[in-house]
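The values are calculated or read from the model by the stated rules, or taken from the named source; none is laboratory data. If you're wondering where the values come from, they're calculated on a predicted model, not measured in any experiment. No Cβ is skipped: glycine too gets one built from the backbone with ideal geometry, and neighbour counts run over all protein chains shown.
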Amino acid sequence: MKNMVKLGFIMAIYATVACVSLAFVYAGTQKVIAERQKADLEAALKDLFPQGESFEEVTGTLQSPDSSVSFKNEYVIKQGGTPIGMAVRAVGASYGGPVTVLIGVGTEGKIAGVKVLENKDTPGLGANAANPSYFVDRASGITFYGQFKGKSLSDPFEVKGDVIAITASTITSKAVTRVVKTAGQAAGTWLAAQTGGSK
Amino acid sequence: MTLFKIFISAFLIDNVILMRFLALCPFIGMSSDEDKSVGMGLAVIFVTLLATSATWPLYHFVLKPLGLEFLQILVFILIIAALVQLVEFYLKKSAPALYASMGIYLALITTNCAILAVTFDNISKGYNFAESLVYAFGVASGFMLSLLLLAGVRNRIKTSPIPAFLKGTPILFVAASLLSMAFMGFSGLVK
Amino acid sequence: MKRFIRIFSNGLIRENPLLMLMIGLCSALAVTTATANGLGMGLSMTFVLLMSEIVISSFRKLIPESIRIPIFIIVIAAFTTIIDYVLKAYFPDLSKAMGVFIPLIVVNCIIMGRVEGFASKKPLRDAIPDALGMGLGYTWVLTGISAIRELLGNGTILNIRIMPDSYQPILFFVLSPGGFFVFSLFIAFNLWLKSRLKPLEEEQA
C-alpha cells in the first residue's frame, strides 16, 4: 500500500511538471497565434476591399437566419469614414468538419469577394474550395471561391445551377455556397438599411 | 451530415488504413490470416468505442470549460493507455483463453494511431456525442475490413509467382496500393 | 567520438527505423505528399525523440520500473504538445498541412521503442546520438519519399518546378495508392541494399 502511494506520488510529480511546462508554452504561443490571426484577417479584408481604409468590428450586429450557419465576426469596411462594405466571418458544417468562410459584401447588393479561411475536407477534393490553383473554369481562370466575386445577392445560389461545383465534392460546394448565401444576404440587407437610412 | 453518411464516409470513403494511412503496423503485422484479423478488428472496435466514450465527455465537460485544451494530447493518450490496461486485466481474469490467444496485440493497441486519431477527429470535426460514436464505429469497422481484405490477398500471394525484388514486404505494399485504388472508387458514394 | 558516430550512423542506415525495423510507418505515408511536409514531420519527430531521450536518459535512475510506461507517455506527450503549439504559432501552414499527424507523434512506435529499449538504460552520451541518428534516419527517408511523390505527382520539389512544363503530373503519386506504391519500392530497394551489404559486413567480421 505504502509503495503504491509512493509510486502514485512520483507519477504525480512528473505529470505536474509536464502540465506546468505545457501551460507556459501554451500561454506563450497563444499570443503569437492571436497576433498572426489579426494580421491575416486584415490582409484578407484588404484583399476583398482594396479601397477600404479602415475596418470596424461590429460583431453581434447580424443574426444568422439559418441554424446551421453561425456568424462569428462582422466588420464594416470604411473609406474616408463612409461604409463601403461589410465582411462576415461565418462557419457552416461541411464534409470533414466545419468550414470557415469570409464573405465581403459591397453596397450595391453584390458580393465583393469570398475567401475560404479554414476547411477540413479531403485534399484534392473538398479542400479545393480554398485552393487558389484549382479552377472551376479553366479558360477564364476562375477559382471556386473566385466565382462569387461580383455575384448578385438576389441570385438563387444553387450548386450546379448558378454556382459551379467542385468536381466530386458536391457536399463541400453546397456547404460553402450555403454559408456565402446566408452571410451575404444578411450583410447585404443590413448594409442597404444603413446606406438607405443615411440618405 | 446524417449519422449514416458519417458511418459510410468513415468506413469506406475515408478508410482509415487504405486512404488515411493510419494503423499500418497492425495492418502489416496482423493480417497474416483471417482469424487474427477478426480478433484484432473486434478488439480495436471495442477499445475505440470505449476511448470515444471516455475522451469526448472529458474534453467537452472538463478540458474545454477549464481552458485546459492544451492538455488534450497528454490526457487522451493516458486514457487510452489506461483503458487498454483495464481491458487486458479484465480479459486475463474473466476470459483467460481469449487473452492468451490475443497475446501481444492487446498491448499494441495502445500505440494504434487510428484510435488516438479518432479521439482527436471527434473534437476537430465538431461532432456531438452520438456522431462521435458512429464515427468511431465506422473507422474501427473500416480498420477490420481492410485487415480482412489484406488477409485474403495474402492468401493468394502465397501461391502466386512474385518477382524476386518484390518478395516479402514490398509486395504487401503493392497489394495495399491496389486496394487503396479500389477504395478511391468509393469517393462519389456520398453526395 | 567514434562511439558517437557509430551509434549515430546506426539509426541512419543499419537500423533505419522505417526501412529496416519497419516501425513508425503511419506518418511516413500520410504526410509525404510534399517535400516540405515530409521534412517538417521528420524534424518535428526528431525534436520529440531527442528531447524525450534526453529527459528519460537523464532521469533513468529516478523512474521506478513498474510505472515507467506511463511516465514515458507523459514525457513524450508533453514534448509532442510543445512542438504542436510551436508549429501552430510559427509555421501555421505546415501545421495545417500535417494536421492530426503532429499530435500522432506521441504514438509513433519509434519514439516509444527507443525510449524504452535504449534511453531508459543508457547514459546521456549514448542517448543523444541514438536520438539524432534515428530521428534523422526517419527524416531522410520521409524527405526522399515526399520528394519523389511531389516530383512525379506535381512536377515540383519544395514547390519549385523541376519537371518541364510539358510534363503532365501523374496524380496517382500524391494520392493514397501512390504512397503505398512508392514506399514498397523504397523497401524493396533497401532490402536489396541490405543483401549486398551483408556479405561485406560478414567479410569484415
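The number of residues in the range B:60-82 that are surrounded by fewer than 21 Cβ atoms within 10 Å (Cβ to Cβ), in a helix (DSSP H, G or I) and more than 14 Å from chain A (Cβ to nearest Cβ) comes to 2. For the range B:83-120, which residues satisfy the criterion of being modelled with pLDDT of 90 or more and either within 14 Å of chain A (Cβ to nearest Cβ) or in contact with a Pro (Cβ under 8 Å, 6 or more places away or on another chain) (or both)? Once the filter is applied, which keeps residues that are modelled with pLDDT of 90 or more and either within 14 Å of chain A (Cβ to nearest Cβ) or in contact with a Pro (Cβ under 8 Å, 6 or more places away or on another chain) (or both), the range B:83-120 yields B:L116, B:A117, B:V118, B:F120. Selection over the range A:67-96 of residues that are in a loop (DSSP other than H, G, I, E, B) and loosely packed, with under 15 Cβ neighbours inside 10 Å gives a count of 4. Flag: C:V75 matches the condition of being out of contact with any Asp or Glu (no Cβ under 9 Å at 6 or more places or on another chain), within 11 Å of chain A (Cβ to nearest Cβ) and among the β-branched types (V, I, T).
Could you grab me the full set of residues in the range B:1-10 that are assigned to a loop (DSSP other than H, G, I, E, B) and either surrounded by 23 or more Cβ atoms within 10 Å (Cβ to Cβ) or of a type outside the set (V, I, T) (or both)?
B:M1
Within the range A:135-150, if we keep just the residues that are crowded, with 17+ Cβ neighbours inside 10 Å and touching a helix residue (DSSP H, G or I) at 6+ places or on another chain (Cβ under 8 Å), the residue that is farthest from A:E42 (Cα to Cα) turns out to be A:V136.
The set of residues in the range B:31-59 being crowded, with 22+ Cβ neighbours inside 10 Å and not in a helix (DSSP H, G or I) consists of B:S31 alone.
Among the residues of the range B:11-30, those that are within 14 Å of chain C (Cβ to nearest Cβ) and either more than 15 Å from the chain's Cα centre (by Cα) or assigned to a helix (DSSP H, G or I) (or both) comprise B:L12, B:I13, B:L24, B:C25, B:P26, B:F27, B:I28, B:G29. Within the range A:90-121, the only residue that satisfies the criterion of being basic (K, R) and without any contact (Cβ under 8 Å) to a residue 40 or more places away in the chain is A:K120.
With respect to being among the aliphatic types (A, V, I, L, M), closer than 16 Å to C:S176 by Cα and out of contact with any Cys (no Cβ under 6 Å at 6 or more places or on another chain), B:L18 fits the description.
Quick grid of which residues meet (1) over 15 Å from the mean Cα position of the chain (by Cα); (2) closer than 30 Å to C:G179 by Cα; (3) touching a residue at least 12 places away in the same chain (Cβ under 8 Å):
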{"site": "C:M20", "(1), (2), (3)": "no, yes, yes"}
{"site": "C:I56", "(1), (2), (3)": "yes, no, yes"}
{"site": "C:K61", "(1), (2), (3)": "yes, no, no"}
{"site": "C:G99", "(1), (2), (3)": "yes, yes, no"}
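The set of residues in the range B:124-173 being modelled with pLDDT under 90, farther than 13 Å from B:S37 by Cβ, of a type outside the set (D, E, K, R) and part of a helix (DSSP H, G or I) consists of B:S124, B:I157, B:A164, B:F165, B:L166, B:T169, B:P170, B:I171, B:L172, B:F173.
Could you list all residues from the range B:155-191 that are more than 7 Å from every other protein chain (Cβ to nearest Cβ), in contact (Cβ under 8 Å) with a residue 60 or more places away in the chain and closer than 13 Å to C:A188 by Cα? Residue satisfying the conditions is B:L172 alone. All of (1) outside any helix (DSSP H, G or I); (2) at pLDDT 85 or above hold for A:V136 with one exception: (2).
Does A:A193 fit the bill of being in a helix (DSSP H, G or I), touching a Ser or Thr at 6+ places or on another chain (Cβ under 8 Å) and either in contact (Cβ under 8 Å) with a residue 60 or more places away in the chain or hydrophobic (A, V, I, L, M, F, W, C) (or both)? The answer is no for A:A193.
Would you check which residues across the range A:18-47 are surrounded by 14 or more Cβ atoms within 10 Å (Cβ to Cβ), farther than 30 Å from A:G113 by Cβ and of a type in the set (V, I, T) and list them? Across the range A:18-47, the qualifying residues are A:V25, A:T29.
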